[in-house]
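Read through the structure below, which is laid out as structure tokens, and then see the notes.
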Amino acid sequence: MEMKQISETTLKIMITMEDLEEHGMELKDFLIPQEKTEEFFYTVMDELDLPDNFKNSGMLSFRVTPRKDRVDVFVTKSDLKEDLDFNDLSDMDDYSGLSPEEFLKALEGNFMDKGDIEAHHKLEEIEKTLEEVDKTMTEPAKEVAEETIREDYTHYVLAFSDFDQVVTFTQGLKDVPVEGSELYKLGDVYYMTILLYLADEPDYYANNMYARFLEYANVADRTRPYLQEHATILMEEDALPVLQATKWS
């Protein structure tokens, strides 16, 4: 368990899956505020050497972001001199494992902390590389470089009519290695971006994978840049493995 101070008012606590297990916790325990969650947070706060400005600081709010190998907890202090109330954590990202619908309601409030410098996505790295290519290369060289990058990676945007279809998709693809994935919502439609690494795969791999994706998903009518600008992002990193690891009732 590690702690890092992001700002004067925010701490980031990184809790490994082993830490959770030692405390008798599971990812699904963060679904909704409950007595077990309350006890866990009090224990964590007691175990860590908090900065002086966080001790007896009044009301604290918690936001939980699950990763593949850990849980990140962002703790924000308020100037309000109130007791910590785990029954009213309006800023907490509650992940529901009781049912897809409960999970969804909590998930829609999730926004990644923009101050978290570790929250980089492979897709963004590729797009940044392509932007640099545009600025520095001649047209022929640029075309070759872009072609090489695109041959190494490919990404898909998939659409889902409801969240149950998203769950079915994630559970049907547990053997598929992906480099990155995001989950968006636009209107009543859900979208997932999937990034695949192709460098070590045969030529037909990309087409085969897309055909397999479409066994569970629909062809999307929106691009990733459009979704980034207009849609609500529900999970900005590792959406597929996180949803796959969630136990649905």
- [ ] May I ask you to list the residues in the stretch 178-212 that are within 19 Å of the chain's Cα centre (by Cα) and of a type in the set (D, E)?
- [x] E179, E182
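Just to be sure, is D152 modelled with pLDDT of 90 or more and closer than 20 Å to R224 by Cβ?
Criteria not met by D152.
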Open item on the list: Could you list, ordered by first residue, the pairs with Cβ atoms under 6 Å in which the first is in the stretch 172-198 and over 18 Å from V219 (Cβ atoms) and the second is among the small types (G, A, S), at least 6 apart or interchain?
Closed with: L198/A206
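Quick grid of which residues meet (1) within 24 Å of Q244 (Cα to Cα); (2) surrounded by fewer than 19 Cβ atoms within 10 Å (Cβ to Cβ); (3) at pLDDT 70 or above:
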residue: E18; (1), (2), (3): yes, yes, yes
residue: E21; (1), (2), (3): yes, yes, yes
residue: E39; (1), (2), (3): no, yes, yes
residue: D49; (1), (2), (3): no, yes, yes
residue: M59; (1), (2), (3): no, yes, no
residue: D72; (1), (2), (3): yes, no, yes
residue: V75; (1), (2), (3): no, no, yes
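Count, please, the residues in the stretch 195-230 that happen to be among the basic types (K, R) and either over 12 Å from Y184 (Cα atoms) or not assigned by TED's automatic domain parsing to the domain that holds Y156 (or both).
1
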TODO: Please work out if E215 is closer than 29 Å to R70 by Cβ and in contact (Cβ under 8 Å) with a residue 40 or more places away in the chain.
DONE: no
- [ ] Kindly indicate whether E201 is touching a strand residue (DSSP E or B) at 6+ places or on another chain (Cβ under 6 Å) and closer than 13 Å to T154 by Cα.
- [x] no
TODO: Check the stretch 205-213 and report whether any residue there is surrounded by fewer than 16 Cβ atoms within 10 Å (Cβ to Cβ) and among the basic types (K, R).
DONE: yes
TODO: Scan the stretch 216-225 residue by residue and report those that are over 21 Å from T168 (Cβ atoms) and either surrounded by fewer than 15 Cβ atoms within 10 Å (Cβ to Cβ) or at pLDDT 90 or above (or both).
DONE: T223, P225
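The values are calculated or read from the model by the stated rules, or taken from the named source; none is laboratory data. These numbers come from a predicted model, not from an experiment. Heads up, the Cβs are rebuilt from the backbone with ideal geometry, glycines too, and the neighbour counts pull from every protein chain shown.
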